[in-house]
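The values are calculated or read from the model by the stated rules, or taken from the named source; none is laboratory data. Computed from a predicted model, the values in this text were never measured in an experiment. Using ideal geometry, Cβ is built from the backbone for each residue, glycine included, and neighbour counts are taken over all protein chains shown. Please note that ligands, DNA and RNA were not included when accessible areas were found on the heavy atoms of the full protein model with its side chains. Shrake-Rupley method; radii C 1.70, N 1.55, O 1.52, S 1.80 Å.
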Amino acid sequence: MLKAVAQPWSPPPGPAPALGLMFLIVMLWDLLLVFDGHSNPSTRGLALWVTVVGYPVLVFGCALAVTHRRARLLERLHLQRLLVVAPAVVAIGLITVGIGLPALLRPTAPINDDVTASIICASQDVLGGHDPYLTPELACLNRLSASPVLGTPLREGVFLHQRTYPTPEQILGLSSSSARSGFHTPAFAVFGYPPLSFVWMLPAAWSDHSGWVALTLSAAGLWLLAVGFLAGELWPAVVLLMLLQFGDGSVIGAATQGDGEFFPYALAILALILIDRPRWSASCLALAVASNPLAWPVALGYLALAARLPRLRQRLTWLAGTLLIVLTPWVLLERGVVAGVVGLILQKNFPSGIGLVALLGPGPPNFLRYVLVTSMAMAFVGWCGLTLRHPRWLPTVPVLATAFLWISWRSDVNYLAQVFPLAVAMIVGLHRLESFRDPPQSVCGTPPGNVLQPTSPAATSMPT
């Protein structure tokens, strides 16, 4: 017994080569974020091109990892050997977080994201008996003593005819001039995220920054335990991959900043890991959808995949039922919910991100916004159509759903980063799905004709 415990962890066969590939991809992604093209998208030169073009290459690698988990090519590359260090790196990472915990929990730590501020203000409004969907973003930032420059300006009002992103001086000037009117200005929106976005932060609504971080870090710790437990023998590699992604938009990164977006990110990941448990999977996805619009494309991809999985009706019932239960009270109580969420989607933002829009130069004409959005939708629909002809690629649809935002008008890093943990989650979810099948069937195209469609009675009696 003691000898077995003392032996180093060895990656089990099966999905280990794919997780090894994801280890390499996540490391390259973290390296990509160091380039100037990320910190300053208007930068011209090699750094910008590497940042913009490098992302689709990494996404293609994620697709290969999801669909070729048992491919001989990955086994011959021996990428699973990279995972041998997983337990040690996980331990070092947790110790590092523990050492840095006092700095993270500083009450005076600055807010560096307008979404965090908006969600906190919304939770405060709800507890104070006010409609959060009537609070202007500038008013929220002023309430939390945060810089107005953190806000997201719109091509409206004084910025209607401005093609380049407003300067900090322009934003500060607008904030000062609109203070007398309660910071109401068409150049900045009011709160517009789905209701559950602020529900998660209600326990720490009136706390300072340390209270927000304590809440999200506690939730992240429980989430990591759940992910490790659900991953089974793969847990060191999976936990390592979740910890390694430290850039903008990462699950753990959001938790260390007290960002309420941690919750929808984490729930979407759990939805794919629990793909073998229809009720739990659908419920987690519904909670993510009710928390952040970023989960909506993931949900569309999930539905495409669910059409080839057991108990489709049960998945749809729990998805719709959970949405109705958690959203109906807020829609009835807060009259601005629907208008606020729709306004968030349709608002005229300035272009930003590390996608194609970064190559269009400063101040691209507004009509390109509609060209990019249309192209993005067509690319997503085209990929879904391709998976119908080649079902082995079907598991990539919910994973790559957010990757198509690379083509959009706003391809921010925190949107695009979701692809990598979702790919890891899908690899684990497919592994769990196969383990409950008797006789074993591949969900990636081996043997042909049985892709994601169980034919034996045992395959339809999955745990719920």
Probe 1.4 Å - accessible area at Tyr193, Å² to nearest ten: 40
Sites matching trypsin sites (Lys or Arg not before Pro) across the stretch 291-335 that sit in DSSP coil, with at most 13 neighbouring C-beta atoms within 10 Å: Arg335
Integer Hz, Karplus 6.51/-1.76/1.60 couplings in order for the stretch 259-270, x for Gly and Pro: 8, x, 5, 4, 5, x, 4, 5, 5, 5, 5, 4
In Hz, Karplus ³J(HN,Hα) per residue of the stretch 333-340 (6.51, -1.76, 1.60; θ = phi - 60°; x = Gly, Pro): 7, 10, 5, x, 4, 5, 5, x
Neighbour-limited loop hits for trypsin sites (Lys or Arg not before Pro), the stretch 152-215 (at most 15 other Cβ within 10 Å; DSSP other than H, G, I, E, B): Arg163
In the stretch 178-235, the chymotrypsin sites (Phe, Trp or Tyr not before Pro) that fall in loop regions by DSSP, at most 16 other Cβ within 10 Å: Trp206
Pair Leu368, Val331: separation of 7 Å Cα→Cβ label points (nm): 3.8
R0 of 22 Å, Cβ-Cβ distance Leu300-Leu386: FRET efficiency to nearest 0.05: 0.90
At q = 0.16, 0.19, 0.22 Å⁻¹, base-10 log of I(q)/I(0) for the stretch 239-351 (Debye sum, equal scatterers on each alpha carbon): -0.85, -1.09, -1.23
Efficiency of FRET between Leu202 and Val338 - r from beta-carbon atoms, R0 35 angstrom, step 0.05: 0.95
Integer Hz, Karplus 6.51/-1.76/1.60 couplings in order for the stretch 153-160, x for Gly and Pro: x, 10, 7, 9, x, 5, 9, 4
Label-point separation, Leu172 to Thr108 (7 Å along Cα→Cβ), nm: 2.0
Distant-in-sequence amide H partners of Gly353 (H built 1.01 Å from N, under 5 Å): Ser411
Total formal charge among the other residues, if their Cβ is under 13 angstrom from that of Pro293, Lys/Arg +1 and Asp/Glu -1: -1
